[in-house]
Amino acid sequence: MEEVLAFHNVSKSYGIAGGATLHALRDVSVSIAAGRTVSLIGRSGSGKSTFLHLAAGIDAPSSGAVRLLGRDLARLSDRERTLSRRRDVGLVFQFFHLLPHLSVEENVLVPALIAGGSGAGDRARAAELLDRVGLAGRARDPVSQLSGGEMQRVAIARALLRRPRLLLADEPTGNLDEENGQRVMDLLLRLGREEGSALLYVTHSRELAALADARWRLHGGVLEPA
Ligand SMILES: Nc1ncnc2c1ncn2[C@@H]1O[C@H](COP(=O)(O)OP(=O)(O)O)[C@@H](O)[C@H]1O
Ligand SMILES: [Mg+2]
């Protein structure tokens, strides 16, 4: 099966105060095949966000290689890496990261604007996605008027706009109550599967983690099956 993301002996360490070294990830080797869903659990500080940042090419490993769609991210130029992230990766965050002064529809179109401008095709795609996340009637509203659960559904539509092969979600339900969290997770999993996007999501909920095809746990930077 085609591989979307692969880590080969990836370690990430940070130099910290006093000349000490903090090992955020230790010799991680895993992969995610096209269209698969993976949950990632682990205590605060275990390396979950570091893993996602390396997967998205936002940060680089100290050693080892990260391959996205078969390409070693370290071998790309900064510009190629940025373009690859915009084209191939959709990101969803705990605190949504929406632009509060823009409308719901404009927020969904942000990835197209960043890529050079939104055309009729992008606007049709945004409308279709807003319909699928249950917010078709809110397209013109300022995003700041929405509830937390609705904001995360906007963020999911935004992440999917350009049909990324990989969706990365860092505690997407961490700021939502249980009912909205369940709804957002169901939506992410369903849309990811419908779109054929691989999905890696971080959660603290055992129930939500169990919904994935595969389950991983990070413990002190070491990744194991959960
Ligand atoms: N830029 C950084 N500089 C120094 N230490 C960092 C940096 N980013 C993360 N860390 C440390 O790496 C470890 C893993 O962090 P992180 O990946 O954010 O964990 P998690 O998302 O599981 O809570 C933590 O000990 C954190 O303090
Ligand atoms: Mg984190």
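The values are calculated or read from the model by the stated rules, or taken from the named source; none is laboratory data. A quick note: this is a predicted structure, and the numbers were derived from the prediction, not measured. Positions of Cβ are generated from backbone atoms using ideal geometry, with glycine treated the same way; all protein chains shown enter the neighbour counts. When the accessible area is computed, the model is the full protein with side chains, heavy atoms only, and any ligands, DNA or RNA have been set aside. Shrake-Rupley method; radii C 1.70, N 1.55, O 1.52, S 1.80 Å.
Being touching a strand residue (DSSP E or B) at 6+ places or on another chain (Cβ under 8 Å), open to solvent by 50 Å² or more (accessible area, probe 1.4 Å), more than 16 Å from ligand 2 (Cβ to nearest atom) and outside any strand (DSSP E or B) is a property that holds for residue 100.
A count restricted to region 1-51 and to residues that are under 18 Å from the mean Cα position of the chain (by Cα), more than 13 Å from ligand 1 (Cβ to nearest atom) and charged (D, E, K, R) stands at 2. Taking residue 90, is it part of a strand (DSSP E or B), more than 21 Å from residue 12 (Cβ to Cβ) and either open to solvent by 50 Å² or more (accessible area, probe 1.4 Å) or touching a residue at least 12 places away in the same chain (Cβ under 8 Å) (or both)? When the stated conditions are applied, residue 90 passes them. For region 180-226, enumerate the residues that are within 15 Å of ligand 1 (Cβ to nearest atom) and open to solvent by 80 Å² or more (accessible area, probe 1.4 Å). Result: 204, 217, 219, 224. Taken over region 151-177, the criterion of being of a type in the set (Val, Ile, Thr) and away from ligand 2 (no atom under 16 Å from the Cβ) is satisfied by 154, 156. Look at residue 177 and say whether it is more than 25 Å from residue 1 (Cβ to Cβ), surrounded by fewer than 19 Cβ atoms within 10 Å (Cβ to Cβ), modelled with pLDDT of 95 or more and out of contact with any Lys or Arg (no Cβ under 6 Å at 6 or more places or on another chain). For residue 177, the condition - more than 25 Å from residue 1 (Cβ to Cβ), surrounded by fewer than 19 Cβ atoms within 10 Å (Cβ to Cβ), modelled with pLDDT of 95 or more and out of contact with any Lys or Arg (no Cβ under 6 Å at 6 or more places or on another chain) - is met. For residue 169, the criteria (1) open to solvent by 10 Å² or more (accessible area, probe 1.4 Å); (2) touching a residue at least 60 places away in the same chain (Cβ under 8 Å) hold in every case but one, which is (1). One residue is enough: does region 105-128 have a residue meeting the conditions acidic (Asp, Glu), open to solvent by less than 20 Å² (accessible area, probe 1.4 Å) and modelled with pLDDT of 95 or more? No, region 105-128 has no match at all. Beta carbons closer than 9 Å, at least 6 apart along the sequence or on distinct chains, pair a first residue in region 59-76 that is free of Cβ contacts under 8 Å to residues at least 40 places away in the same chain and within 19 Å of residue 24 (Cβ to Cβ) with a second that is in a strand (DSSP E or B) and open to solvent by 30 Å² or more (accessible area, probe 1.4 Å) for 73/67.
Inside region 36-65, residues that are touching a Lys or Arg at 6+ places or on another chain (Cβ under 9 Å) and within 11 Å of ligand 2 (Cβ to nearest atom) make up a count of 7.
The requirement of being of a type in the set (Lys, Arg), more than 16 Å from ligand 2 (Cβ to nearest atom) and open to solvent by less than 80 Å² (accessible area, probe 1.4 Å) is satisfied by residue 81.
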